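A.B. asks: Sharing a structure here in structure tokens format.
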Amino acid sequence: YVKASQVMQLNLNGSVEYQAEKNLLQLAYNGIYTNDPQSGTTQRQDGGVTVMRIFPKNWFLVSSLTAESNSELQLDLRTSLAMGAGNSFVNTNFTRFYAAIGMQANRENSAQADQNNLEGLLVAKYSVFIYDDPEVSFSLSTNLIPSLTTLGRIRANIDSSLKWEVFNDLYLKWTFYYNYDSQPLTESAEKNDWAITLIGVEYKL
């Protein structure tokens, strides 16, 4: 909260991952809430559950159920059910990189329209987790989503987070997102939304 401008912002981010020999379960949520005297209250939220079934040679099947909302894109709610297949090209105790292709069905709700969609889905995700000195926790995920219902419509999402121990007990932290929709439901809506939601330094005594 900044008293001079009376702007208040709340950031909430969390994720849980459980991996067994042949299955992986991920739960995640990201939310940004901003209250500004001039523009009122705005928010951007997304979250959901992802389940993977792992096969030999790092192949997998994946399904997910997600929900998202974005004031900047004038999207009240989008719920999506996706299924696909992919491969973990790198899969170690410290690094993971995978890509997948699939399809998803969703329903979008806005103040002006409701719409059902069938879409293609291309996903890539890279993550690093190093627990020795220097500690590093980094993830970068990208989704490319061409619509099969509305030809010519393309959506894209990029999410990134970093916690890096620059030197002993001093950490650099950030989170970043970018959302793009070439044909939003509401004509007056912005086509893209992005933010560096947290950038700072943390020191542990």
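A.B. asks: Relative to the Cα centre, what is the charge dipole magnitude of region 83-183, using +1 at the beta carbon of each Lys and Arg, -1 at the beta carbon of each Asp and Glu, and rounding to the nearest 20 debye?
C.D. replies: Numbers: 7 positive and 10 negative charges, 73 e Å.
Dipole magnitude for region 83-183 comes out near 340 debye.
A.B. asks: Of all the accessible heavy-atom surface of the chain, with the other protein chains kept in place and a 1.4 Å probe, what percent is carbon and sulfur? Spell out each step's value before the answer.
C.D. replies: Working: 7530 of 12530 Å².
Solvent-exposed carbon and sulfur of the chain make up 60 percent of the total.
A.B. asks: About the Cα centre of region 83-133, what is the dipole size in debye to 20, counting +1 per Lys and Arg Cβ and -1 per Asp and Glu Cβ, all else neutral?
C.D. replies: Working: 3 positive and 5 negative charges, 30 e Å.
Computed charge dipole of region 83-133: roughly 140 debye.
A.B. asks: Okay, moving on. I'd like the distance between the alpha-carbon centres of region 6-31 and region 118-193, rounded to an integer number of Å.
C.D. replies: 13 Å
A.B. asks: Provide the FRET efficiency to the nearest 0.05 for the N116-L25 pair, computing r from the beta carbons and using R0 = 25 Å.
C.D. replies: Numbers: r = 28 Å, r/R0 = 1.10.
With R0 = 25 Å, the Cβ-Cβ based efficiency is 0.35.
A.B. asks: If you build the convex hull over the alpha carbons only and average its shadow over all orientations, what do you get for region 69-155? Give it in nm² to one decimal. Spell out each step's value before the answer.
C.D. replies: Numbers: hull surface 29.3 nm².
Its average projected convex-hull area is 7.3 nm².
A.B. asks: Report ³J(HN,Hα) in whole Hz for each residue of region 64-80, in order, from the Karplus equation J = 6.51 cos²θ - 1.76 cosθ + 1.60 where θ = phi - 60°; Gly and Pro get x.
C.D. replies: 8, 10, 10, 9, 8, 8, 8, 5, 4, 8, 6, 9, 6, 7, 10, 10, 9
A.B. asks: Shifting gears a bit: I'd like the Karplus ³J(HN,Hα) series for region 113-119: coefficients 6.51, -1.76, 1.60, θ = phi - 60°, whole numbers in Hz, and an x wherever there's a Gly or Pro.
C.D. replies: Result, rounded to whole Hz: 7, 10, 8, 9, 9, 10, 9.
A.B. asks: In square angstrom, what is the accessible area per residue of region 1-157 with a 1.4 angstrom probe?
C.D. replies: Numbers: 9480 Å² over 157 residues.
Averaged over the residues of region 1-157, the accessible area is 60 Å².
A.B. asks: Can you flag which of K22/K173; K125/K163; K57/K163 are past 26 Å Cα-Cα? Walk me through the numbers before you get to the answer.
C.D. replies: Numbers: K22/K173 32 Å; K125/K163 17 Å; K57/K163 31 Å.
Beyond 26 Å: K22/K173; K57/K163.
A.B. asks: A further question on this structure: Just checking my list (i) 20; (ii) 16; (iii) 23 against percent of Cα pairs over 32 Å apart computed from this structure; which label fits?
C.D. replies: (iii)
A.B. asks: In debye to the nearest 20, how big a dipole does the chain give about its Cα centre with +1 on each Lys and Arg Cβ and -1 on each Asp and Glu Cβ?
C.D. replies: On the way: 15 positive and 21 negative charges, 92 e Å.
Dipole magnitude for the chain comes out near 440 debye.
A.B. asks: Shifting gears a bit: Quickly rank 133-139, 61-67, 14-20 as a protection proxy: mean count of other C-beta atoms within 10 Å, highest first.
C.D. replies: Working: 133-139: 14.3, 61-67: 16.6, 14-20: 10.3.
Output ranking for 133-139, 61-67, 14-20: 61-67, 133-139, 14-20.
The values are calculated or read from the model by the stated rules, or taken from the named source; none is laboratory data. Worth saying up front: this structure is predicted, and the values here are computed from it rather than measured. Cβ sites come from the backbone with ideal geometry, for glycine too, and all protein chains shown count toward neighbours. For accessibility, only protein heavy atoms count, side chains too; no ligands or nucleic acids. Shrake-Rupley method; radii C 1.70, N 1.55, O 1.52, S 1.80 Å.
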